[in-house]
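Each remark here refers to the structure printed beneath this line.
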Amino acid sequence: MSQSVSSIVITGASAGIGEETAILFAERGWHVVLGARRKDKLQALATKLSQKGASQVTVLVLDVTDDKSVEQFAASAWEAAGGKIDVLFNNAGLALGVDHVSKGLVSDWESMLDTNVTGLLRVTRALLPKMIDSAHGHVINMGSIASHVVYEGGSVYCATKHAVRAITKTMRLELNGTPIRVSLIDPGMVETDFSLVRFKEDQERAKSVYKGVTPLTGRDIAECVWFAAARPKHVNIEEIVVMPVDQAAPHKINRK
Ligand code: NAP
């Protein structure tokens, strides 16, 4: 890390893994740039981050599915970070439903593809040229165990995460010869609002996903992001696949 204040830009910072990552980097004195659609959540988090030790907190409304929003976000994030972003954490994402392909909703598919794939690309396209020009930075993309394997009812979500893995691997090739690092984090089951969103606010169904299991926490994943970011500059962590001990594959779960 350089001697000046380090900065991390986090998409999907209003909840779950993004929120926990913001807290961990704040504890280590970083400038944390928060992006998500829910400004009230980001503002509440910003207060907490300042108390936790963040050197600076920047709150920016971001909808990764909206070109203009991403454009404004990227310009403001770059300016707030003083023209040097240490880490771009492309974390915003979601799953919607577990319908089989024969029954799925096109609107759910479009939303997952636009958020998880095109959204990640939009944000990266807006910031990466600046990072290349400044010869500095690290892009950490949020994959999933669904980047590696598939399961019934997960066709499009798994497709989006397979795409994120392909994009990450391609970026790694394209950025060879620059100092920009590229990493992928692939968690199994993490207890966040993920299932609540997937099951469209059905609390009982969302809770049942974690029943009898010790899932990963957002903090566990934040630690992985930190590990990748905190290596010396000549080290590129390619990919971290991290699972709960209770989960050996998406459907191989030890429930007590
Ligand atoms: P979460 O608690 O539901 O958080 C999702 C975050 O993404 C929220 O901050 C949400 O903020 C943001 N987001 C969604 N759509 C957005 C959009 N259009 N523009 C900007 N931000 C958007 O879920 P999570 O588990 O932390 O998920 C974070 C990432 O981890 C996702 O990419 C997910 O696929 C991945 N992941 C999760 C798990 C798991 O088991 N939880 C496992 C593997 C990978 P707003 O709603 O405020 O915009």
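Data table
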{"item": "Lys, Arg +1 and Asp, Glu -1 on Cβ, resulting dipole of the chain about Cα centre, debye, nearest 20", "result": "380"}
{"item": "Peptides ranked, highest mean first, by Cβ atoms within 10 Å: ranges 222-233, 122-133", "result": "122-133, 222-233"}
{"item": "Whole-angstrom gap from region 39-106 to region 188-239, using each part's C-alpha centre", "result": "16"}
{"item": "Positive-pole candidate from Val61, Ser50, His234, dipole of region 7-253, charges at beta carbon", "result": "His234"}
{"item": "Shape category assigned to region 153-256 from the gyration tensor of Cα positions, a/c cut at 1.5", "result": "prolate"}
{"item": "Amide proton proximity set for Ala95, modelled H, under 5 Å, gap of 5+", "result": "Arg198"}
{"item": "Region 17-37 residues near the modelled Thr178 label - backbone nitrogen below 20 Å, point 7 Å along Cα→Cβ", "result": "none"}
{"item": "Charge dipole of the chain about the Cα centre (unit charges at C-beta), most positive-ward option of Trp109, Ala74, Phe89", "result": "Phe89"}
{"item": "Accessible-area value, Glu110, 1.4 Å probe, nucleic acids and ligands omitted, Å²", "result": "110"}
{"item": "Helix 16-27 vs. the chain, principal-axis angle (Cα, 0 to 90°, nearest 10)", "result": "30"}
{"item": "For region 7-253, share of DSSP beta bridges that run antiparallel, in % to the nearest 5", "result": "5"}
{"item": "For a label point 7 Å along the Cα-to-beta-carbon line of Val241, residues of region 184-211 with backbone N under 14 Å", "result": "184-189"}
{"item": "Average accessible surface area per residue within region 7-253, 1.4 Å rolling probe, Å²", "result": "44"}
{"item": "Percent carbon-and-sulfur accessible area, the chain, ignoring ligands, DNA and RNA, probe 1.4 Å", "result": "53"}
{"item": "Vicinal HN-Hα couplings computed from phi for region 50-55 (Karplus, 6.51 cos²θ - 1.76 cosθ + 1.60; Hz; Gly/Pro x)", "result": "5, 5, 7, x, 4, 6"}
{"item": "C-alpha long axis of helix 218-230 to longest principal axis of the chain, angle in °", "result": "40"}
{"item": "Relative contact order of region 7-253, pairs being alpha-carbon contacts under 8 Å that are 6 or more residues apart, as %", "result": "20"}
{"item": "Ranking by accessible area, most exposed first, for Trp78, Trp109, Trp30 with a 1.4 Å probe", "result": "Trp109, Trp78, Trp30"}
{"item": "Restraint check, Lys52/Lys161; Lys39/Lys200; Lys103/Lys200; Lys52/Lys169, Cα-Cα greater than 26 Å", "result": "Lys52/Lys161; Lys52/Lys169"}
{"item": "Cα gyration tensor, region 1-97 - rounded (a/c under 1.5), prolate or oblate", "result": "oblate"}
{"item": "Shape category assigned to region 82-203 from the gyration tensor of Cα positions, a/c cut at 1.5", "result": "prolate"}
{"item": "Residue order for His251, His234 - accessible surface, 1.4 angstrom probe, largest first", "result": "His234, His251"}
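The values are calculated or read from the model by the stated rules, or taken from the named source; none is laboratory data. This is a predicted model, so every value here is computed, not measured. Using ideal geometry, Cβ is built from the backbone for each residue, glycine included, and neighbour counts are taken over all protein chains shown. Surface accessibility is based on the protein's heavy atoms, side chains included, excluding ligands, DNA and RNA. Shrake-Rupley method; radii C 1.70, N 1.55, O 1.52, S 1.80 Å.
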